[in-house]
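Visitor: Before anything else, here's the structure in question.
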Amino acid sequence: MDTSDAHLSDQHANSVESDLLLWWEDFYLPVFEYIIPKMGNLEGKNVLELGTGTGGTATLLAKQGASVIGIDLLPFRLDEAKVRATQHNVDASIEFALMDAMQLAFKDNTFDFIISKSVLVFTDHARTAKECYRVLKPGGKAIFIENMRYHPFVWLYRRLFIKYSLKLHYFSIRDIESIGTQFDLMEHSEFHFSTVKSLFWQKCIPVSPLYRFSFHLLSVFDSLILKILPFLKRFCWITAMVCHKK
């Protein structure tokens, strides 16, 4: 990467607006700071977002110059997404549609990028990946941000409070590698091995300074321990997969 590319990557990483991440902002911010530079300059690029929800990510990308199509299976979410796009003055750059990620109504080689957040867990992974590969342009990238299966605290939380989670296919390292087989090249990074513990000071005993301090401290710890002991990545909370089509 030359100096100009590095500057562009830094510029895009710093342009992530945490309020558009909509929930778990602190936890998704480092994930987006990882993926946004990999998308480069979005001016004039065509982007498809799977499971757009209330449109936060679609709005974020449109504000960086992309033309975005956001799809979802919930009509009321699409209505909320349209309102958010209008509030941020990017409604002319975003189209929202009711559509299934496993049956994309687009021609082959349509999009420069595809992005999704916590969507593949609701689908047949391989089927969705194949559809994404089909509609990606050569040289395009599909970026999947997904919840992982084996983080002990998150696993327990799902068992106790999210009953439908038993029906979902959360990601293991093997699942990540399986997605990679549907593309020509894949890189991935895992996040939040120990930082989840900081939620004690936000959800259980709300003390904002302690939450911020513990989150920062545990983030530094995670970056070190995952480099030293990479096998611990299978116990992280979130994975970000960047899949390439040559």
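Visitor: Which sequence of Thr110, Thr86, Thr239 reflects their accessible areas, 1.4 Å probe, from the largest down?
Guide: Descending accessible area places them as Thr86, Thr110, Thr239.
Visitor: Under a Cβ-only charge scheme (Lys and Arg +1, Asp and Glu -1), can you give me the dipole magnitude of the stretch 171-222 about the Cα centre, in debye to the nearest 20?
Guide: Charge dipole of the stretch 171-222: 500 debye, to the nearest 20.
Visitor: Another question, if that's okay. Would you kindly state how much longer the chain becomes between Gln103 and Glu33 on full extension, computed as 0.36 nm times their sequence separation minus their alpha carbon distance, in nm to one decimal?
Guide: Gain in length upon complete extension: 22.2 nm.
Visitor: Hey, another quick one. Per residue, how much accessible area does the chain show when a 1.4 Å probe rolls over the protein heavy atoms, in square angstrom?
Guide: Working: 12480 Å² over 246 residues.
Value for the chain: 51 Å² per residue.
Visitor: Angle check, please: helix 208-228 long axis (alpha carbons) against the longest principal axis of the chain (alpha carbons), in degrees 0 to 90, nearest 10.
Guide: 80
Visitor: Quick one: which residues, 5 or more positions from Gly140 or on another chain, have an amide H under 5 Å from its amide H? H modelled 1.01 Å from N in the peptide plane, none for Pro or chain starts.
Guide: Lys245
Visitor: Could you tell me the accessible area of Asp124 in Å² (1.4 Å probe, neighbours in place), rounded to the nearest ten?
Guide: Per-residue accessible area (Asp124): approximately 80 Å².
Visitor: I would also like to ask the following. Mind checking which of Tyr170, Tyr157, Tyr133 has the largest fluctuation in a GNM of the chain, springs on alpha carbons under 10 Å?
Guide: The residue with the greatest mean-square fluctuation here is Tyr157.
Visitor: Compare Phe113, Phe122, Phe193 in a GNM of the chain, Cα atoms joined below 10 Å, and give the one with the largest fluctuation.
Guide: Phe122
Visitor: Test of understanding: what is the full-extension gain from Arg212 to Ile225, defined as 0.36 nm times their sequence separation minus their Cα-Cα distance?
Guide: So the extension gain works out to 2.7 nm.
Visitor: Moving to a separate point now. Could you work out how far helix 125-135 tilts from the main Cα principal axis of the chain, as a 0 to 90 degree angle to the nearest 10?
Guide: 40
Visitor: Sort Ser198, Ser219 by accessible area with a 1.4 Å probe, largest first.
Guide: If we order Ser198, Ser219 from most to least accessible, we get Ser219, Ser198.
Visitor: Heavy atoms only, probe 1.4 angstrom, no DNA, RNA or ligands counted: give me His216, His188, His125 ranked by accessible area, highest first.
Guide: His216, His188, His125
Visitor: Then there is this: Could you report the accessible area of Val83 in Å², rounded to 10, computed with a 1.4 Å probe on the protein chains as they sit in the structure?
Guide: 80
Visitor: Could you give the size of the charge dipole of the chain about its Cα centre, using +1 on the Cβ of each K and R and -1 on the Cβ of each D and E, expressed in debye and rounded to the nearest 20?
Guide: 860
Visitor: Scan around Leu104 for amide H atoms under 5 Å from its own, H built in the peptide plane at 1.01 Å from N, and keep only partners 5 or more places away or cross-chain.
Guide: none
Visitor: Using DSSP, restrict attention to beta bridges with both residues in the chain and report what percent are antiparallel, rounded to the nearest 5.
Guide: Values: 14 of 35 bridges.
Around 40 percent of the beta bridges assigned by DSSP in the chain are antiparallel ones.
Visitor: Oh, and also: Any chance you could look up the accessible area of Leu166 with a 1.4 Å probe, heavy atoms only, rounded to 10 Å²?
Guide: Taking all protein chains as shown, Leu166 has close to 120 Å².
Visitor: Given 4 °C and 1.567 mPa s, compute D for the chain with the Stokes-Einstein relation, Rh being the Kirkwood radius over Cα pairs; round to the nearest whole µm²/s.
Guide: Stokes-Einstein gives a translational diffusion coefficient of 69 µm²/s.
Visitor: With 31 Å as the limit, write out which pairs from Lys38/Lys203; Lys82/Lys130; Lys38/Lys233; Lys163/Lys245; Lys63/Lys246; Lys167/Lys233 have Cα-Cα distances beyond it, or answer none.
Guide: Pairs exceeding 31 Å: Lys38/Lys203; Lys163/Lys245.
Visitor: Measure nothing but the geometry: give the 0 to 90° angle between the long axis through the Cα atoms of 75-87 and the longest principal axis through the Cα atoms of the chain, rounded to 10°.
Guide: Approximately 90 degrees, to the nearest ten.
The values are calculated or read from the model by the stated rules, or taken from the named source; none is laboratory data. Since we're looking at a predicted model, the values are computed, not measured. Note that we place each Cβ from the backbone using ideal geometry, even for glycine, and neighbour counts take in every protein chain shown. For the accessible areas, the whole protein counts, side chains as well, though only heavy atoms, and no ligand, DNA or RNA atoms are used. Shrake-Rupley method; radii C 1.70, N 1.55, O 1.52, S 1.80 Å.
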